[in-house]
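K.L.:
Got a structure here, written out as structure tokens. Questions coming.
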Amino acid sequence: MEKVMNILKPKPNPQQQLRDWQRRLRQECRNIERQIRDIQREEKSVQKAIREAAKRNDMVSAKALAKEIVRSRKTVTRLSENKAQLNSISMHLGESVAIARTVGHLSKSADVMKLVNNLMKAPEVATTMQEFNKEMTKAGVIEEIVNDAVDSALDSEDMEEEIEEEVDKVLTAIAGETAAELPEAIRKEIIKQPAQTSENGQEEEAIPEGVDDEEELEEIRARLAKVRS
């Protein structure tokens, strides 16, 4: 029955199709803005926990929390880039309206195709952009893009190394003089403390002592992970 209704349903003209895409792109941008606000709001509570840990000279806990902040800030940067690309797609579609009025149909756009391809790799908008890929391919705006690889750079080894380099900067900025007042040799030794090794030979992250208990630290991490996803 649904297939029959789809057949009988009149197809939107090019201008209507473009406006619908632009409306959905604006909605996706609003979703990204809301996610960024949620991440930044949660970051404030983590900053407070870092300051408290630094006052106790517990740089192990401070480091663990600082790593979560670095991850969150990188997520915000990536989300902002996604939003900028979504806006670019909307702008290019707007330019296509005038052309569609003249020729009566939608024309292919290499710029839109490139942007859609990039966003299909972004975890936060991959599903939405796969839908756009199908619709725009059917409408003749882009050629079919086959790309199932979602960018997981946030969990790569290179990203982990970059996070380690940024942790001390975050600690200094947030904990301020409290962290700086610690003897440098002791502070660096604690900050660079290697991960513990489990019985099966895999590395495990050291359990911070400054947060009241491990469950509290995991709760903070879970909250940040939730707003980042």
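A short reminder: the numbers here are calculations on the coordinates, not readings from a lab. As the structure is a prediction and not an experimental result, all values here were calculated from the model. Reconstructed Cβ throughout: ideal geometry from the backbone, glycine too, with neighbour counts over all protein chains shown.
K.L.:
Order the peptides 123-135, 64-76 from the highest to the lowest mean number of other Cβ atoms within 10 Å of their residues.
P.N.:
My ranking of the peptides, most packed first, is 64-76, 123-135.
K.L.:
Just give me a number: lysine pairs in segment 11-108, eight or more positions apart or cross-chain, with C-alpha atoms less than 20 Å apart.
P.N.:
Going through segment 11-108 pair by pair, I get 12.
K.L.:
So what's the projected area for segment 11-108, the Cα convex hull averaged over all directions, in nm²?
P.N.:
Values: hull surface 29.5 nm².
Projected area, direction-averaged: 7.4 nm².
K.L.:
Which one of Leu79, Ser90, Ser61 is farthest out on the positive end of the charge dipole of segment 11-108, using unit charges on Cβ (Lys, Arg +1; Asp, Glu -1) and the Cα centre as origin?
P.N.:
Working it through, the farthest residue towards the positive pole turns out to be Ser61.
K.L.:
Oh, and also: Could you give the size of the charge dipole of segment 11-108 about its Cα centre, using +1 on the Cβ of each K and R and -1 on the Cβ of each D and E, expressed in debye and rounded to the nearest 20? Don't jump to the answer; show the numbers that get you there.
P.N.:
Numbers: 23 positive and 11 negative charges, 30 e Å.
In total the dipole reaches around 140 debye.
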